[in-house]
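Remarks on the structure that follows.
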2 protein chains.
Amino acid sequence: MSVLVEVTRGFRVESWHMGAIAVVDTDGNMVSSIGDVESPVFPRSAIKGLQALPLIESGAADAFDLSTQALSISCASHNGEEIHVDTVKSMLSACGLTEDALECGAQSPKFEYDQAILHRNGVQPTAAHNNCSGKHAGFLCFAQKAGFDHQGYVKAGHPVQREIRSVLAQMTGVALDGDAWMDLCGTDGCSIPTYAIPLQNLAHAFARFGTGTDLSPTRADAAKRLRHAVAKAPYMVAGHDRFCSDVMGIFAERAFVKTGAEGVFCATLPDQGLGVAVKCWDGASRASEVLMAAVLDAFLPMSEGEAVAMEKWRSNKLINWNGLHVGDVKLVDGALSHLMQKKTV
Amino acid sequence: MSVLVEVTRGFRVESWHMGAIAVVDTDGNMVSSIGDVESPVFPRSAIKGLQALPLIESGAADAFDLSTQALSISCASHNGEEIHVDTVKSMLSACGLTEDALECGAQSPKFEYDQAILHRNGVQPTAAHNNCSGKHAGFLCFAQKAGFDHQGYVKAGHPVQREIRSVLAQMTGVALDGDAWMDLCGTDGCSIPTYAIPLQNLAHAFARFGTGTDLSPTRADAAKRLRHAVAKAPYMVAGHDRFCSDVMGIFAERAFVKTGAEGVFCATLPDQGLGVAVKCWDGASRASEVLMAAVLDAFLPMSEGEAVAMEKWRSNKLINWNGLHVGDVKLVDGALSHLMQKKTV
């Protein structure tokens, strides 16, 4: 078990986080790792890019003429801002449905600023505000194109989830066929199944997602279109003041990064042919963000300007209610050099 | 390092938390402990009970005729509900000041429900909404009674903070005199100094706070009045859906429990003559609450009805956006029996 992130206050360490990191190439070779990358981990929303593949592979994205914004939000854990909600509604409208078809549950926008708009207007948040509503709108477009009854599309037995399970098995190499998935399954915040998969397999899946290696032409093209869409419309994948939107705004198609609940992060660096998977064991996003920033520092060549732009996420400043800088969430000394040795440590 | 709390999803462990627990008697003997209880830890808001002692010892509480509610909120990390804000304003008014004198910084109420009231009314949150405003109002009452210039009362060199440092040194046995405090000091969220103190010393301080052991009659009486006030007005110390208010609502003067930021919790069980201090090393309150509930299970005799009422806090249910129970934050097997052996493990 490795302490990778420390939380300082003044000159002292107040708290700390343990985690694991897998960096894998397109052949599945471990390029660098820290901690346990072999135990199954729920990837949660960090694999939304993989879960969106059937939306394109099925022809639904073309049939419903989905925009770049729509493809980006199909991979999103968004803030529930007005622009996110409107994009989701346009996807549902395109496939002949309304937000009543969403089965993700109502959720308030992430930040108080956006909640306040609803409060002032006397509007209740709906399932369209749910951070997963773009992914769910993508599921519904897929179901409509494929001719499935969309009711119950979040359930493990529904054809939508069966297809996603098949995609995940193919991409990660983890057996999820027959009943094998049942022991690996939990229910996600938005009610779809989530399957526990080792970090090394998640990282390999993202190396292939980023490069198309060993994928069918159809799948390789679908992955490329999703990466392109998120790079062109990074605000859709998260929103204001969020790691994923900021970082893809900086690096565009050179980095596809996606956070998930409980301290998970996945990424691919296509030009380097690398996939990445991160887990902070206590589930803290403040730590998984710092870890993902460290992976980018270690493996993604960047200009001085890009390195400066990343500073905000490399070390998460703790600012108190009077605006004083009282501490930092930051990588422990030595962790970056471990990663950069580019071998298993 | 001890994994004490696990976060499950379905039948799998998704995340976990490490922590330390010290249970100490009035003589400073370790009754039970898990993990490192000797390294200094920032106690943050978990010691607000100790920080409120000068409010009573100085005669300010009597001079300004402070209510039971006011004494309770002087120990509080409250939700910023209307009743909390009103109580704080009444304390400030009693000592001849307004909320402009508060130096804790503006903070929104903790929960969206209370934020929404402000949004609908077009009201900006102020320092009176800050979760620490009750403590700060107590500081200001103390400053006014003592005749100090209240400006800068949050600074380490101000007589208010000097007196609190003296109280903490006496109660915990940690040297904070001269310049000794400087190496132990960080700045809290509300801008006052916080001093790193080992869990074993914090626990001993609370054993004395709960029993009056080895305290002057004035201090023993002040501690008793604060414990009595919080037991009589537990809603003031936190508010809706909060561990501290709920638990003191159940046990009244049989348990004084107080949370702090970054996974700290302190308590005293006066009838048992015990003090308690807990730290979740990654800073998660969801874990420190489960640990404090475990300490109560282990050391506080309770009726069947009380044990049932504690269930909500003993295991923190994870409910998703559709209201499904998808997992739990709960004590690991074996941790409770370790604690109940009533000796250092």
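The values are calculated or read from the model by the stated rules, or taken from the named source; none is laboratory data. No experiment lies behind these values; they were computed from the predicted model shown. Here Cβ is always computed from backbone atoms with ideal geometry, including for glycine, and neighbour counts include all displayed protein chains.
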* Among the residues of region B:175-216, count how many are within 24 Å of residue B:19 (Cβ to Cβ) and away from chain A (no Cβ under 14 Å). => 11
* Asked: Taking region A:316-341, which residues are of a type in the set (S, T, N, Q) and farther than 20 Å from residue B:136 by Cβ?
  -> A:316, A:337, A:341
* In region A:166-193, which residue that is out of contact with any Pro (no Cβ under 7 Å at 6 or more places or on another chain) and β-branched (Val, Ile, Thr) is surrounded by the fewest Cβ atoms within 10 Å (Cβ to Cβ)? -> A:174
* Structure fact -> Just one listed residue, out of A:2, A:39, is under 20 Å from the mean Cα position of the chain (by Cα), within 14 Å of chain B (Cβ to nearest Cβ), closer than 25 Å to residue A:199 by Cβ and of a type in the set (S, T, N, Q), and it is A:39
* To do: Evaluate the following for residue B:172: is it of a type in the set (Ser, Thr, Tyr), within 14 Å of chain A (Cβ to nearest Cβ) and touching a residue at least 12 places away in the same chain (Cβ under 8 Å)?
  => no
* **Among the residues listed as B:103, B:81, B:14, the single one being more than 30 Å from residue A:186 (Cβ to Cβ), at pLDDT 95 or above, over 17 Å from the mean Cα position of the chain (by Cα) and within 14 Å of chain A (Cβ to nearest Cβ)** => B:103
* Asked: For residue B:7, are the conditions met, namely being in contact (Cβ under 8 Å) with a residue 24 or more places away in the chain and either away from every other protein chain (no Cβ under 14 Å) or closer than 22 Å to residue B:234 by Cβ (or both)?
  -> no
* To do: Kindly indicate whether residue B:114 is farther than 29 Å from residue A:10 by Cβ, acidic (Asp, Glu) and surrounded by fewer than 20 Cβ atoms within 10 Å (Cβ to Cβ).
  => no
* Determine whether region A:213-228 contains at least one residue that is surrounded by 24 or more Cβ atoms within 10 Å (Cβ to Cβ), outside any strand (DSSP E or B) and of a type in the set (Ser, Thr, Tyr). => no
* Only residues that are in contact with a His (Cβ under 7 Å, 6 or more places away or on another chain) and free of Cβ contacts under 8 Å to residues at least 24 places away in the same chain: list them for region B:261-320, please. => B:317, B:319
* To do: Tell me, please, whether a residue that is in contact (Cβ under 8 Å) with a residue 24 or more places away in the chain, closer than 25 Å to residue A:16 by Cβ and either touching a Cys at 6+ places or on another chain (Cβ under 9 Å) or aliphatic (A, V, I, L, M) (or both) can be found in region B:223-230.
  => no
* Filter pass, residue B:90 being away from every other protein chain (no Cβ under 14 Å) and either buried (at least 19 other Cβ atoms within 10 Å of the Cβ) or touching a helix residue (DSSP H, G or I) at 6+ places or on another chain (Cβ under 8 Å) (or both) -> yes
* Filter result for residue B:163 (within 21 Å of the chain's Cα centre (by Cα), at pLDDT 95 or above and surrounded by fewer than 24 Cβ atoms within 10 Å (Cβ to Cβ)) -> yes
* Residue match in region B:127-142 (condition: of a type in the set (A, V, I, L, M, F, W, C), within 14 Å of another protein chain (Cβ to nearest Cβ) and either assigned to a helix (DSSP H, G or I) or within 30 Å of residue B:25 (Cβ to Cβ) (or both)) -> yes
* To do: Would you mention how many residues in region B:78-112 are within 26 Å of residue B:257 (Cα to Cα), out of contact with any Asp or Glu (no Cβ under 8 Å at 6 or more places or on another chain) and touching a residue at least 40 places away in the same chain (Cβ under 8 Å)?
  => 10
